[in-house]
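Here is the structure we will look at, set down as structure tokens.
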Amino acid sequence: MIFNSVLRKMYAEYQSPIRYYLNFNDDFIDVNQLISRKISIEHVGNQCKSCGLDKPIFRMGFCQSCFYTVPEASPSIINPELSMAHLGKEQRDLEWEKKFELQPHIVYLALSGGLKVGVTRGVQVPTRWIDQGASNAIVLAETPNRYEAGMIEVLLKDSLADKTNWQRMLKNQNPEVDLVQTKEEVREKLSEEQQEMYVEDNKIWEFEYPIEHYPSKVKSLTLAKHPKIEGVLAGIRGQYLYFESGEVFNVRNHEGHVVEFTV
């Protein structure tokens, strides 16, 4: 079967293992069912997530012009501490920013190739952790807006990573960390005001991914260098497709690319 569609990040259902779906123009594809089958992904064009034009994708699924103008790619998306909606100040579109930033946000600790601290909207739990390929996660604090969450993250960046170690994550290499104990230790770093946002619940989220054998080495493939990628699908984790060759393909990093997907 051949599907012609723009790539979007995979939808994921919190099951054991995680269930993944490709959201194509007119179809949903259960990616788990494709494991052990040969697939092909061929780049045939582009479609910017904002303007919809066939222009080179710059970052985050946007062409260069849209990336520097749309609120979905504003600086506060990458760095939450730069959010200004709580002050009523606009970066690119104040109404959009108010809806996105002035809602409950979560500061969390996760094991994703290493221990990291991160920020996400409350409505993105547990999707955010699945997208990062986390094996475990725990909520540290819940804040009323994006700015407050970003400030806690900035405070903890001195002692904790804030980015996923993607190679270690894809090889399923995680240090042995007691998340509850680490959370209690981190709490001492919070200010008195931030302590009020601390979450006492110590539930540890666990994630199992549809892959039986993790590779000892991984090589990431991009459509920019490999316009046609094909091989036998061996598993899925985060937003990555594993091939039996040990190569991996990040679906989310290719949002906005129009592909011919063959099964």
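General observations
- Elements of type helices (runs of 4 or more DSSP H) in the range 53-146, at least 1 residues being aromatic (Phe, Trp, Tyr): 64-67, 94-101, 127-131
- Taken across the range 70-93, residues that are more than 22 Å from Gly122 (Cα to Cα), hydrophobic (A, V, I, L, M, F, W, C) and crowded, with 17+ Cβ neighbours inside 10 Å do occur, with at least one present.
- The range 208-239, subset among the small types (Gly, Ala, Ser) and within 16 Å of Leu170 (Cα to Cα), residue nearest to the chain's Cα centre (by Cα): Gly238
- Listed by first and then second residue, the pairs linking a residue in the range 38-64 that is without any contact (Cβ under 8 Å) to a residue 12 or more places away in the chain to a residue that is surrounded by fewer than 14 Cβ atoms within 10 Å (Cβ to Cβ), with Cβ atoms under 7 Å apart and 6 or more places separating them unless they lie on different chains, are Phe58/Gln64.
- Matching option when the condition is of a type in the set (Gly, Ala, Ser), within 19 Å of the chain's Cα centre (by Cα) and more than 28 Å from Leu221 (Cβ to Cβ), among Ala137, Ala149, Ala110: Ala149
- Unique residue being assigned to a loop (DSSP other than H, G, I, E, B), over 17 Å from Leu241 (Cα atoms), among the polar types (S, T, N, Q) and in contact with a strand residue (DSSP E or B) (Cβ under 8 Å, 6 or more places away or on another chain) when the list is Ser36, Ser50, Ser16: Ser50
- Within the range 147-167, if we keep just the residues that are hydroxyl-bearing (Ser, Thr, Tyr) and modelled with pLDDT under 95, the residue that is surrounded by the fewest Cβ atoms within 10 Å (Cβ to Cβ) turns out to be Ser159.
- Looking at Leu170, Leu140, just one residue is within 30 Å of Leu22 (Cα to Cα), at pLDDT 95 or above and in the same structural domain as Leu82 (by TED's automatic domain parsing), and that residue is Leu170.
- When the range 24-37 is limited to residues that are of a type in the set (S, T, N, Q) and without any contact (Cβ under 8 Å) to a residue 60 or more places away in the chain, the one that is farthest from Glu255 (Cα to Cα) turns out to be Gln33.
Residue-wise test of (1) modelled with pLDDT under 95; (2) over 22 Å from the mean Cα position of the chain (by Cα); (3) of a type in the set (A, V, I, L, M, F, W, C); (4) closer than 24 Å to Ile236 by Cα.
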position	(1), (2), (3), (4)
Ser5	no, no, no, yes
Phe24	yes, no, yes, yes
Lys38	no, yes, no, yes
Ser50	no, no, no, no
Ala73	no, no, yes, no
Ala85	no, yes, yes, no
Glu90	no, yes, no, no
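The values are calculated or read from the model by the stated rules, or taken from the named source; none is laboratory data. Only a predicted model underlies this, so the values are computations on that prediction, with no experimental measurement involved. With ideal geometry, Cβ positions are generated from the backbone for all residues, glycine too; neighbour counts draw on all protein chains shown.
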